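Student: Below is the structure I would like to discuss, written out as structure tokens.
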Amino acid sequence: MKKIVLSEKDLPVAWYNILSDLANQISPPVNPVTGKPVEAKDLLPIFPMGLIQQEVSTERWIEIPNEVLNVYKLWRPTPLVRAYELEKYLKTPARIYYKDESVSPTGSHKPNTAVAQAYYNKIEGVKRLTTETGAGQWGSALAFACNIFDLKCTIYMVKVSYLQKPFRKSLMQMWGANVYPSPTNLTNAGRRILESDPNSPGSLGIAISEAVEDAAIHDDTKYSLGSVLNHVLLHQTVIGLETKKQLELIEEKPDILIGCVGGGSNFGGFIIPFVTDKLTGKINTRFLAVEPTACPTLTKGLYLYDFGDTAGLTPFLKMYTLGHNFVPPKIHAGGLRYHGDAPILSYLVHKKIVEAIAYPQKAVFEAAIIFTKTEGILPAPETAHAIKAAIDEAIKCKETGEEKCIVFNFSGHGFFDISAYDLYLEGKLEDYEYPEEEIKKTLEEIKKFPVNQS
């Protein structure tokens, strides 16, 4: 069977909350002013109460509102596809499947949470949402969702990606969003960065600072985050819940689940419904998180409390971090250029439940071309990291003769990334290594935060 397709009646009607199984194990966000765990009132200036409640909830299942389900049905459930041609090319005995999230209106997994967040803001009377975006997948998803629920949308797009991926910007504008290259002169945070570095390429941390500041000073506006936070990973569990049901239909048990990681939303949503089975011994699946060597948060970062943004406007989060002042190199996987990772995912890596690996840019693009030639779909550079890992694991199976079941999340297509692929085909694509001395310096400062001393 090439595609395992569920019907609309199989669409999950509730999100799965892993905090029900990890209660009191995830370190809480900390208010940097008081040094105490964040309270709901601390978050109200930037988030609606409905999402704040989800952020801290330990209920196992949280019902998906009908209004959200109706929008999901535009593209969900998404297909699980057997990569037969890739298997043949690799001459591997492994069975390779991918969950195709690229079939959404915006071409990625991001609308799974964008639609939910826009809905909860709408019902609480919010008029405008602000956000950041790297490669533009998240920005286009939120613009799409705001258009559906008649909300205004302001997006701060990392400047290097704004220039690299102009069609993402165009798509956001078609859905009515205002898009600015970050850092900008519109916020105090942006102006401070430009004063110190007028040619700053920007970073997700900087763009988050601008979006949070914008939301905090306008009464009718809230902030929306596309990754990292608990409620974002919660919404993304529709991916893993569907995958689990699809594998059960064909009587497959995954030996390896793979996904790319920037902040952790697509990978977290993909694996979380399987984690409890792993913890209880029902499965022995490996969970493999894949990131770029240019921004190696999980593989080279430290597990500490740090700000989620560059200006220090957010609460402290316990996560793997490269330091909130880290500005990553200009790789084309813009969605993976974030200094930190989701607290839930970071905890799972810290406890060695999840493995992490990093790849350089050229090797990732080589894997993407192989996938495109065999399976016919051009992946986003972010997604190509997962493909590279899946190919490597399949080659290991060829060497050992093991018939493993390898499943990866195809988090988004790369049709807006053609310029990056042109550079690869022309032999002009660069490999970047992370600036070790820069990271070491900023991490030494973070270690001194009182919250990391206690």
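The values are calculated or read from the model by the stated rules, or taken from the named source; none is laboratory data. Worth saying up front: this structure is predicted, and the values here are computed from it rather than measured. Virtual Cβ from ideal backbone geometry, glycine too; neighbours counted across all protein chains shown.
Student: Condition check: part of a strand (DSSP E or B) and buried (at least 21 other Cβ atoms within 10 Å of the Cβ). Does residue 153 satisfy that? Spell out how you get there, then give the answer.
Tutor: Numbers: part of a strand (DSSP E or B): yes; buried (at least 21 other Cβ atoms within 10 Å of the Cβ): yes.
So residue 153 passes the test.
Student: Ok, one more. Could you run through region 362-419 and say how many residues are closer than 28 Å to residue 283 by Cα, surrounded by fewer than 23 Cβ atoms within 10 Å (Cβ to Cβ) and among the aromatic types (Phe, Trp, Tyr)?
Tutor: Qualifying residue count for the region: 0.
Student: If you go through region 369-384, how many residues are part of a helix (DSSP H, G or I), under 15 Å from residue 87 (Cα atoms) and either outside the structural domain of residue 431 (by TED's automatic domain parsing) or in contact with an Asp or Glu (Cβ under 9 Å, 6 or more places away or on another chain) (or both)?
Tutor: Residues in region 369-384 being part of a helix (DSSP H, G or I), under 15 Å from residue 87 (Cα atoms) and either outside the structural domain of residue 431 (by TED's automatic domain parsing) or in contact with an Asp or Glu (Cβ under 9 Å, 6 or more places away or on another chain) (or both): 3 in total.
Student: Still on this model: Among the candidates 313, 336, which residue alone is surrounded by fewer than 24 Cβ atoms within 10 Å (Cβ to Cβ) and hydrophobic (A, V, I, L, M, F, W, C)?
Tutor: Every option except 313 fails the conditions.
Student: While we're here: Among the residues in region 108-128, are any β-branched (Val, Ile, Thr), modelled with pLDDT of 95 or more, surrounded by fewer than 23 Cβ atoms within 10 Å (Cβ to Cβ) and under 21 Å from residue 259 (Cβ atoms)?
Tutor: no
Student: Read through the list (1) assigned to a strand (DSSP E or B); (2) within 16 Å of the chain's Cα centre (by Cα); (3) closer than 25 Å to residue 133 by Cα, then give the number of the only condition that residue 287 fails.
Tutor: (3)
Student: Being of a type in the set (A, V, I, L, M, F, W, C), at pLDDT below 95, over 20 Å from the mean Cα position of the chain (by Cα) and crowded, with 18+ Cβ neighbours inside 10 Å narrows it down to one residue among 38, 33, 81, 71; which is it? Let's see the steps before the verdict.
Tutor: Working: 33 fails: crowded, with 18+ Cβ neighbours inside 10 Å; 81 fails: at pLDDT below 95; 71 fails: at pLDDT below 95.
The match here is 38.
Student: Please specify each residue of region 416-439 satisfying the condition of being among the basic types (Lys, Arg) and within 27 Å of residue 140 (Cα to Cα).
Tutor: Matches in region 416-439: none.
Student: Separate question: Within region 156-194, how many residues turn out to be part of a loop (DSSP other than H, G, I, E, B) and basic (Lys, Arg)?
Tutor: Residues meeting the conditions: 1.
Student: Oh, and also: Within region 347-357, is there a residue that is over 30 Å from residue 196 (Cβ atoms), in a loop (DSSP other than H, G, I, E, B), not β-branched (Val, Ile, Thr) and not assigned by TED's automatic domain parsing to the domain that holds residue 199?
Tutor: Within region 347-357 (the criterion being over 30 Å from residue 196 (Cβ atoms), in a loop (DSSP other than H, G, I, E, B), not β-branched (Val, Ile, Thr) and not assigned by TED's automatic domain parsing to the domain that holds residue 199), the answer is yes, since at least one residue qualifies.
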